[in-house]
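Inspection log for the structure reproduced underneath, given as structure tokens.
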Amino acid sequence: MANRESAYIEITPEVLLKAYACGIFPMAENADDPALYWVEPEMRGIIPLEGFHVPDRLARTVSTTPYTVMVDRDFDAVIEGCAEPKQTRDKTWINGRIRQIYRSLFAHGHCHSVEVYDGDDLVGGLYGVSLGRAFFGESMFHRARDASKIALVHLVARLRAGGFTLLDTQYVTNHLKTFGAVEVPKRRYHRLLEDALAGTADFRALPVDRPVTGEEALAIIRGQ
């Protein structure tokens, strides 16, 4: 379900958080369209945190690739990276209003980024919204092979360490299926969301002032 709203309605951080708590989120038709859609899919994508699957090849990459993974260091650069056109996509739904809204939510402590660096260069990352024990993944990008996948592995480790219970991916892609993503009906999703919103979690349970290594992230995911 999608409802188009006026390009002139202000969406504050408080309004946005209430929308997420109701199971809806905003999107734009494209980067040039100032209007937004409120979206509530009939089938919702989630990745069960306890069932998160890391393929063997990716696990080796996470362990051995000398990337540095940080959180919340450069949110603006991450959302700009997510808005970049790709070879498989010449348009993006991240317009100027989306950038403004989520930057404001980041300033309020409810939006976070996971960043992957090769030296000083940002080569991949993702961002999303945290509320209660739920994390709502918004978008990811990569400029180097596997960089967005590495960011996702580190995100899941951080969510598990912080006591989160729900990772919402909005939709399921073939790419996300390799990590264990599934679709659930809207009614079941709302039950999962209600349970997640009833508790509290800590996105910063893992260190934020130093990189978390790939080995540390994998150990958390494996329950070690």
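The values are calculated or read from the model by the stated rules, or taken from the named source; none is laboratory data. The structure displayed is predicted, hence computed values, not measured ones. All Cβ positions, even for glycine, are placed from backbone atoms using ideal geometry, and neighbour counts span all protein chains on display. To get the accessible areas, we keep the full protein, side chains included, count just its heavy atoms, and leave off ligands, DNA and RNA. Shrake-Rupley method; radii C 1.70, N 1.55, O 1.52, S 1.80 Å.
List, please: which pairs have Cβ atoms under 6 Å, are six or more places apart or on different chains, and start with a residue in region 147-163 that is open to solvent by 10 Å² or more (accessible area, probe 1.4 Å) and end with one that is in a helix (DSSP H, G or I)?
Pairs that qualify, where the first residue is open to solvent by 10 Å² or more (accessible area, probe 1.4 Å) and the partner is in a helix (DSSP H, G or I), are K149/L58; H154/A217; R160/L49; R160/I220; A161/I220.
Could you grab me the full set of residues in region 109-145 that are in contact with a His (Cβ under 8 Å, 6 or more places away or on another chain), of a type outside the set (V, I, T) and over 19 Å from Y171 (Cα atoms)?
Hit for region 109-145 is G124, nothing else.
Inspect all residues belonging to region 203-215 and state whether any of them is in a helix (DSSP H, G or I) and either surrounded by fewer than 20 Cβ atoms within 10 Å (Cβ to Cβ) or in contact with a Ser or Thr (Cβ under 6 Å, 6 or more places away or on another chain) (or both).
Yes, some residue in region 203-215 is in a helix (DSSP H, G or I) and either surrounded by fewer than 20 Cβ atoms within 10 Å (Cβ to Cβ) or in contact with a Ser or Thr (Cβ under 6 Å, 6 or more places away or on another chain) (or both).
Taking the options S130, S139, S113, name whichever one is part of a strand (DSSP E or B) and at pLDDT below 95.
Step by step, each of S130, S139, S113 is checked, and only S139 is part of a strand (DSSP E or B) and at pLDDT below 95.
Quick check: anything in region 121-137 more than 23 Å from V15 (Cβ to Cβ), over 14 Å from the mean Cα position of the chain (by Cα) and open to solvent by 20 Å² or more (accessible area, probe 1.4 Å)?
Yes, region 121-137 has at least one match.
I need every pair where a residue in region 19-48 that is of a type in the set (D, E) has its Cβ under 8 Å from the Cβ of a residue that is outside any loop (DSSP other than H, G, I, E, B) and at pLDDT 95 or above, sequence separation at least 6 or different chains.
Sorted first by the residue in region 19-48, then by its partner, the pairs are E40/K186; E42/P185; E42/K186.
Restricting to region 19-51, and then to whatever is open to solvent by 40 Å² or more (accessible area, probe 1.4 Å), of a type in the set (D, E, K, R) and in contact with a strand residue (DSSP E or B) (Cβ under 9 Å, 6 or more places away or on another chain), can you tell me which residue is farthest from G223 (Cα to Cα)?
E29
When you check T173 against the structure, is it at pLDDT below 95, surrounded by fewer than 19 Cβ atoms within 10 Å (Cβ to Cβ) and not small (G, A, S), yes or no?
yes
Give me the residue from region 52-69 that is assigned to a loop (DSSP other than H, G, I, E, B) and not hydroxyl-bearing (S, T, Y) and, out of that set, surrounded by the fewest Cβ atoms within 10 Å (Cβ to Cβ).
Restricting to residues being assigned to a loop (DSSP other than H, G, I, E, B) and not hydroxyl-bearing (S, T, Y), the top hit is P66.
Count, please, the residues in region 98-116 that happen to be open to solvent by 60 Å² or more (accessible area, probe 1.4 Å) and basic (K, R).
1
With the requirement that a residue be touching a Phe, Trp or Tyr at 6+ places or on another chain (Cβ under 6 Å) and closer than 15 Å to V116 by Cα, what does region 48-68 give you?
T68
Go through region 207-224 and report how many residues are within 18 Å of the chain's Cα centre (by Cα) and without any contact (Cβ under 8 Å) to a residue 60 or more places away in the chain.
Selection size over region 207-224: 0.
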